[in-house]
Amino acid sequence: MNKVIITIGFIMGLVFSGMAQVQDSRGYIVKVGDMAPDFEMNLTDGSKLKLSDLKGKVVMLQFTASWCGVCRKEMPFIEKEIWQKHKEKDFALYALDLDEPQEKAEKLIAATGITYPVALDEGAVIFTKYAHKESGVTRNVIVNKEGKIIYLTRLFNQEEFEGMKVVIENELKK
């Protein structure tokens with residue numbers, strides 16, 4: 001029975017990942033298979049980190065903002081179903097707060113109860129390496145251990161979210 005459930009979950013992940021990867025009007029300027037554009041992020045704790053420093057880990061980039069209701073809805077799910085499950089593995093997760101001051105990011109962290117790191121994306125410099133500036137937040141980018149983009153989401157769609165979880169879990173098994 002467990003093999004059947006795992007197989008069904010894997011197939012669903014493939015189906016949903018295929019749905020998530022269809023070229024559409026979601027505003028991405030990157031695509032699955034591209035090397036993730038490198039950047040340096042300034043974290044709310046005052047530290048700095050480059051995406052390229054995370055090579056060897058599966059990385060999830062969550063583009064968000066305090067004013068984004070869909071982001072606020074998605075963040076607790078990311079916290080519980082992804083971060084808490086994988087934070088002790090070769091996994092890194094960073095929320096990138098779109099063009100807001102530290103105080104706004106800190107209020108977002110408090111309001112959503114997340115414990116994963118948050119970086120400030122001043123001037124949307126990081127965001128515009130991945131998507132058109134006017135295309136909006138609530139999007140996730142999954143990067144494999146070699147630095148390639150393996151999954152893209154837009155908005156908070158439960159099926160797409162479930163597919164993303166499967167892609168992360170499968171990549172962590174490699």
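The values are calculated or read from the model by the stated rules, or taken from the named source; none is laboratory data. The structure presented is a predicted model; accordingly, all values stated were derived computationally and were not measured. All Cβ positions, even for glycine, are placed from backbone atoms using ideal geometry, and neighbour counts span all protein chains on display. Just the protein is used for accessible areas: all its heavy atoms, side chains included, with ligands, DNA and RNA removed. Shrake-Rupley method; radii C 1.70, N 1.55, O 1.52, S 1.80 Å.
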Rounded to one decimal in nm, the spacing of the 7 Å Cα→Cβ label points at Ser52 and His132 is 2.9 nm
Net charge near Phe127 (other residues with Cβ under 11 Å of its Cβ; Lys, Arg +1; Asp, Glu -1) is -2
Nearest 10, in degrees from 0 to 90: the angle of helix 69-78 to the longest Cα principal axis of the chain is 60 degrees
For Lys55, counting only lysines whose alpha-carbon sits under 21 Å away and dropping same-chain residues fewer than eight positions off, the answer is Lys31, Lys85, Lys87, Lys89, Lys129, Lys145, Lys148, Lys165, Lys173, Lys174
Taking a crude spin-label model, label points 7 Å out from Cα along the C-beta direction, the Glu159 to Gln84 distance in nm is 2.7 nm
Lys and Arg at +1, Asp and Glu at -1: neighbours of Phe39 with Cβ under 13 Å from its Cβ sum to -2
Taking GluC sites (Glu not before Pro) in a DSSP loop with at most 15 other Cβ atoms within 10 angstrom as exposed, one finds the longest site-free stretch of the chain at 1-87
Most fluctuating of Met164, Met35, Met60 in the GNM of the chain (C-alpha, under 10 Å) is Met35
Per residue convex hull volume, Cα only, the chain, in Å³ is 109 Å³
Under 20 Å by backbone N from the virtual spin label 7 Å along Cα-to-Cβ at Ser25, the residues of the range 109-149 are 131-140
Of all DSSP beta bridges with both partners in the chain, the antiparallel percent, nearest 5, is 60 percent
Given a 1.4 Å probe, the accessible area of the range 56-113 per residue, as a whole number of Å², is 45 Å²
Share of accessible surface on carbon and sulfur in the range 21-95, whole %, 1.4 Å probe and ligands ignored, is 51 percent
